[in-house]
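Report on the structure given below.
The numbers here are math on the coordinates, done by the rules we state, and not lab data. Note that the structure is a prediction, hence the values are computed from the model and not measured. So basically every Cβ, Gly included, is an ideal-geometry build from the backbone, and we count neighbours across all protein chains shown.
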Amino acid sequence: MFAIKSVAAYAVSAALMAVFLVTGCTQEQQNKISRDIQNWTGTNGVLEFYAGDKLVRRFLKIDKLSTAMGTEDGKPRSYRFGYGVLDENLNMQADPGEKKVYFEISDFGSNYIFFENPR
């Protein structure tokens, strides 16, 4: 009985400590913590590319978009990259035959939206 109460008390204490730590962080630090958790757990992301107002390409099941870093200087590059299923028929489903592919997005003139799949 004592061990159960000790475990419960420890869990409550750990939860309270986590709440105090998070509330003591700035908004930017909270956002970074959230992104780190998402990087660990993954996101069911959707990436859509537009030409004007027309949807021209969609990628599904994206865990994350990464910013490219220079190998020599370690500075961020002007593009992002990731892996996702190319939704060839634009039906918001990963159909049989649609493969997971690598993609890159330029920061210059790319009209795109990245969001979590609501389904």
- Bin all alpha-carbon pair distances of the range 42-119 at 10 Å intervals from 0 and give each bin's fraction as a whole percent. 18, 48, 26, 7, 0
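Please give the net charge around L90, taking every other residue with its beta carbon less than 14 angstrom from that of L90, where Lys and Arg add +1 and Asp and Glu add -1.
Working: positive: K54, R57, R58; negative: E48, D87, E88, D95, E98.
Local net charge: -2.
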- Query: Going highest first, how would you order 84-91, 60-67 by mean Cβ packing within 10 Å?
  - Reply: 60-67, 84-91
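Find out how many positive minus negative residues lie around Y79, taking Lys and Arg as positive, Asp and Glu as negative, among other residues whose Cβ is under 9 Å from that of Y79.
Details: positive: R77, R80; negative: E104, D107.
Around Y79, the charge tally is 0.
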- Message: Give me a comma-separated list of calculated 3J(HN,Hα) values for the range 104-119, in order, Karplus coefficients 6.51, -1.76, 1.60 applied at θ = phi - 60°, integers in Hz, x for any Gly or Pro.
- Response: 10, 10, 7, 6, 9, x, 8, 9, 9, 10, 10, 8, 6, 5, x, 8
- Message: Starting from 0.36 nm per residue, how many nanometres of slack lie between F49 and S110 once their C-alpha separation is accounted for?
- Response: 21.2 nm
